[in-house]
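We did not get these values from a lab; they are worked out from the coordinates using the rules stated. Quick caveat: nothing in here was measured; it's all calculated off a predicted structure. Cβ placement follows ideal geometry from the backbone for every residue including glycine, while neighbour counts extend to all protein chains displayed.
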């Protein structure tokens, strides 16, 4: 496995001060919990023994660079010595962890995958591997457990599908999206979930309470797309899914959780740190055949975050998408004419007048209605998604190709711009550099920062009526970090 930012050599001094390298010896079935400093990175390596980070084994004697603000744990089953070089907010060892119960869950899931692989492909029930949905309140370790189960499965040679329904965090791409991607290798402990082949739908907000009906529609679209893929891929079907969910588990959030369980036909529900939720799910799912609800202990290393910390984490996640974890990506800005773009928002819009409704009916906004958005300075500092839809009415049912960030809107200098080809640099299945705009005049209509890391896009073409590629991508929706 390749590790991002890994370098071999002796530890280097941090800043102008002396080296802060130190060694930590871990006993068997214990872990080192680390919170990297806010401004400086941390280097870490395994000196002897064996250890893992979220299910991915550490290579011996190789330095790994962890960016500022990252929180992670180094766990060992049989004992290890870890060396760190750099500043941390806190680091400490713990010998009470839920890892034994977590790996026991993995063993059960692995057995189900083997039985699904050995069964007849003509029987859709027996050939279906485990579909695991991880649920629990905010800051209960759902994302971490999902990564562990995925990495352990990949280590065994499986290629499970990771489904991320947590629009507030964004484990696969930026917040405001639901997404799925196959996991073919243990997840890199530094870079996280790979972006080679994701399937992404854009919700446009960090909480589903804004438009719960739209959230349901997108979850259903994602599940149906994956079902179609599994029909022709017995290997992926047997490997199954691991589904990460949001931390809203009461009221409408609980209703959306049940909808997700039903949409993906989940047959294993893992509940982290919530007796009440576990009891409620067992009651409502007791008549559903072949669904197991299992309560697991929350790890003591989970860090609680307030609203301000979450907001900053979302902002960092968006910046990471455009510039990379180590600022190694180079998105470029470009200026587009208003005439070249059509922007849509899903949901809202004017309500039907009472005179047009049946007697006794109340007017209501259509939560899935497509509403054109006027281009004005209200779009400044918004993140827009670019859809693969060829027609506006296909937007809801189509996944997206990437994102555009609006850095400037010039209303006064409205002028049509000539058509312009935009070449992409494709590297390793992702596009790291999209536009080369070093000589662009800023006194034009709309300045856009492009980044298409989600799909391989070989050539974009700006033309009137908003078509953004030969395959028919359109700009839609908007997301703004408040």
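Assign one of three labels to the range 99-296, namely rounded, prolate or oblate, based on the Cα gyration tensor with a ≥ b ≥ c the square roots of its eigenvalues; rounded applies when a/c is under 1.5, prolate when it is not and a/b is larger than b/c, and oblate otherwise. Write down the numbers at each step before the final one.
Values: a/c = 1.32, a/b = 1.19, b/c = 1.11.
The shape class here is rounded.
Does a label point 7 Å from the Cα of residue 48, set along Cα-to-beta-carbon, have any residues of the range 63-84 with amide nitrogen under 14 Å, and which are they?
79-83
Between the range 28-55 and the range 116-166, what is the C-alpha centre distance in whole Å?
Rounded to whole Å, the Cα centres lie 25 Å apart.
Quick check: the distance between the Cα centres of the range 259-283 and the range 202-254, to the nearest angstrom?
The range 259-283 and the range 202-254 have Cα centres spaced 14 Å from each other.
Which part of the range 74-95 falls in the paramagnetic zone of residue 23, meaning amide N under 11 Å from the point 7 Å along Cα-to-beta-carbon?
81-84
Which of the peptides 64-76, 324-336 is most tightly packed, and how do the rest follow, judged by the mean count of other Cβ atoms within 10 Å per residue?
Details: 64-76: 19.8, 324-336: 17.5.
For the peptides 64-76, 324-336, the packing ranking is 64-76, 324-336.
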